[in-house]
Amino acid sequence: MEHLDFETLPKRILGMQRLEALFNQNGYLICQSSGEKIYDFDEVVTIFIPLSPSTDQVMAVHSDHATEFMQRCLSNLN
């Protein structure tokens, strides 16, 4: 882990809790890679895309698409 602001980790935990609350409320999350609904929370991969040194975008991706999604995100950085 790089040098992160001391607030970053608690914000990430809060982001994961919000995803879980949204899942519990709706019964599913939308995969940010495929657009498919994820009905099994154990298949959700939480990905944090840094927007700034202290802010992340929290995204839910199906575990089947997580590696490909991360590769696409990283290739867009170049």
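The table below gives the values:
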quantity	calculated
Label zone at Asn76, where the point sits 7 Å out along the Cα-to-Cβ direction: the range 30-44 residues whose backbone N lies under 19 Å	30-37
Whether the chain is rounded, prolate or oblate, judged on the alpha carbon gyration tensor where a/c under 1.5 counts as rounded	oblate
Ellipticity estimate at 222 nm from DSSP helix runs (n ≥ 4, -39,500 (n - 2.57)) divided over the chain, nearest 500	-13000 deg cm²/dmol
Three-way shape call for the range 36-78 based on the alpha-carbon gyration tensor, with the a/c threshold at 1.5	oblate
Mean Cβ neighbour count within 10 Å, used as a protection proxy, ranking 33-41, 48-56 highest first	33-41, 48-56
Neighbour net charge for Asp42 - beta-carbon separation under 14 angstrom, K R +1, D E -1	-4
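Readers should treat all values here as calculations from the given coordinates under stated rules, not as data from a laboratory. Bear in mind that the values here come from a model prediction, so they are computed numbers and not experimental data. Virtual Cβ from ideal backbone geometry, glycine too; neighbours counted across all protein chains shown.
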